[in-house]
């Protein structure tokens, strides 16, 4: 099982996203990202296992935690 990061940006949105995913049965943890790709500052990501990534992104998009075009995500 690989872990995937879904870039969120703000800590508030990351906490909302994490809690939302947990309510939907997906284990999620917040990670501080080294660099926010939009602002150059620090950002936050939600870490999920790779098998849950697609479902997690769908849930986060439906609740406007991430944009509909996809997140800046990656493998830590």
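The values are calculated or read from the model by the stated rules, or taken from the named source; none is laboratory data. Please read all numbers here as calculations on a predicted model, not as lab measurements. With ideal geometry, Cβ positions are generated from the backbone for all residues, glycine too; neighbour counts draw on all protein chains shown.
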Mind checking which residues of the stretch 5-23 are exposed (fewer than 13 other Cβ atoms within 10 Å of the Cβ) and modelled with pLDDT of 95 or more?
19, 22, 23
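Just name the residue that is surrounded by the fewest Cβ atoms within 10 Å (Cβ to Cβ) out of those in the stretch 24-36 that are outside any strand (DSSP E or B) and at pLDDT 90 or above. So that I can check it myself, show each step before the final result.
The initial filter retains those residues of the stretch 24-36 that are outside any strand (DSSP E or B), namely 24-28, 34-36.
Still in the list and also at pLDDT 90 or above: 24-28.
Numbers: 24: 13, 25: 8, 26: 18, 27: 12, 28: 21.
Across the stretch 24-36, the extreme among qualifying residues is 25.
State yes or no: is residue 68 in a loop (DSSP other than H, G, I, E, B), modelled with pLDDT of 95 or more and out of contact with any strand residue (DSSP E or B) (no Cβ under 7 Å at 6 or more places or on another chain)? Steps first, answer last, please.
Working: in a loop (DSSP other than H, G, I, E, B): yes; modelled with pLDDT of 95 or more: no; out of contact with any strand residue (DSSP E or B) (no Cβ under 7 Å at 6 or more places or on another chain): yes.
No; evaluated as a whole, the condition is false for this residue.
Here's a check for you: in the stretch 37-61, which residue that is over 18 Å from residue 2 (Cα atoms) and either in a strand (DSSP E or B) or over 13 Å from the mean Cα position of the chain (by Cα) (or both) is modelled with the highest pLDDT? Lay out the reasoning, then the answer.
Within the stretch 37-61, the first condition is being over 18 Å from residue 2 (Cα atoms), and the residues that meet it are 37-44, 58-61.
Narrowing the set further to residues that are either in a strand (DSSP E or B) or over 13 Å from the mean Cα position of the chain (by Cα) (or both) leaves 37-44.
Numbers: 37: 57, 38: 59, 39: 58, 40: 59, 41: 62, 42: 72, 43: 84, 44: 91.
Across the stretch 37-61, the extreme among qualifying residues is 44.
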